[in-house]
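Written below as structure tokens is the structure these notes are about.
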Amino acid sequence: MKITAKQYALSLYETIDGKSSSEVKVVIKKFVEILAEQNQISKAEKIIVEFLKIWNDKHGIVEVQATSAKVLDKEAVKLLKNYIVKLAGAKEVIMNQEINKDILGGVIIRYGDKVVDGSLKTQLEDLKEKLTK
């Protein structure tokens, strides 16, 4: 039976949960040794991605991709983070910003499998569609 990256990640998370940092180091070292013994080191990157998803989910952390036409100021970032905390029921929001001048203005927020499109480009396209009906 093949073990998936998600299964490895869940196993690692359950093993280190509640452990001290020195215990975590020992567990991770042993975990890597087991991956090497089983010729599964090639799965390491996928395991890390899955582990982060599990960690974030268990700790109420939401990673957000915010796309805007220009760099968001600190106040806008704070407002968006507070909005996502309420929307997603998160304890913490980690926001990565991306600049895309094609959206003209506003912001597009992506987290998990959700997209909140508040871009000016989309609003103009929606208005155009309504006017041409």
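Label separation (HIS59 vs LYS91): 0.9 nm, computed from points 7 Å beyond Cα along the C-beta direction. Secondary-structure-derived ellipticity at 222 nm for the chain, considering helices only, amounts to -17500 deg cm²/dmol, per-run term -39500 (n - 2.57) for DSSP H runs with n ≥ 4. According to the Cα-based calculation, Rg over Rh for region 61-131 is 1.01, with Rh computed by the Kirkwood formula. Other residues within the sphere of radius under 11 Å centred on the Cβ of VAL85, judged by their own Cβ, net out at +3 (K and R +1, D and E -1). Backbone amide hydrogens, once placed in the peptide plane, bring ILE3 within less than 5 Å of nothing, excluding anything fewer than 5 places away on its chain.
Tell me the relative contact order for the chain as a rounded percent, counting alpha carbon contacts under 8 Å between residues six or more apart. After rounding, I find 22 percent.
Could you calculate the contour length gain from LYS29 to ASN82, that is, 0.36 nm times the residue separation minus the distance between their Cα atoms, to one decimal place in nm? Write down the numbers at each step before the final one.
Numbers: separation 53, 0.36 × 53 = 19.08 nm, distance 3.76 nm.
Length difference between fully extended and current span is 15.3 nm.
Over region 5-58, what is the mean sequence separation of C-alpha contacts under 8 Å (at least six apart), divided by residue count, expressed as relative contact order in percent?
61 percent
Normalised by the number of residues in region 61-131, what is the relative contact order in percent for Cα pairs under 8 Å and 6+ residues apart? Don't skip to the answer; put the middle values down first.
Details: 111 pairs, mean separation 27.7, N = 71.
This gives 39 percent for region 61-131.
Reducing region 48-83 and region 107-123 to their Cα centroids gives an inter-centroid distance of 13 Å. Fraction of C-alpha pairs exceeding 23 angstrom in the chain: 52 percent, rounded to a whole number. Compute, for the chain, the length of the dipole vector about the Cα centre, with Cβ point charges of +1 (Lys, Arg) and -1 (Asp, Glu) only. Units Debye, rounded to 20. Its charge dipole is roughly 140 debye.
Sort region 5-58 into rounded, prolate or oblate with this rule: let a ≥ b ≥ c be the square roots of the eigenvalues of the Cα gyration tensor; rounded if a/c is under 1.5, and if a/c is not under 1.5, prolate when a/b is larger than b/c, oblate otherwise. List each step's numbers first, then the result.
On the way: a/c = 2.35, a/b = 1.14, b/c = 2.07.
It comes out oblate by the Cα gyration axes.
Stretched out fully, how many nm does the piece from SER20 to LYS128 gain, at 0.36 nm a residue minus the Cα gap?
Numbers: separation 108, 0.36 × 108 = 38.88 nm, distance 5.78 nm.
The SER20-LYS128 span can extend by a further 33.1 nm.
Separation of the alpha carbons by more than 26 angstrom is noted, of LYS6/LYS29; LYS29/LYS91; LYS78/LYS101; LYS70/LYS130, for LYS29/LYS91; LYS70/LYS130.
Since every read-out is calculated from the coordinates, none of them should be taken as a lab result. Predicted, not measured: the structure shown is a model, and the values here were computed from it. Cβ coordinates were reconstructed from backbone atoms using ideal geometry, including for glycine residues, and neighbour counts include every protein chain displayed.
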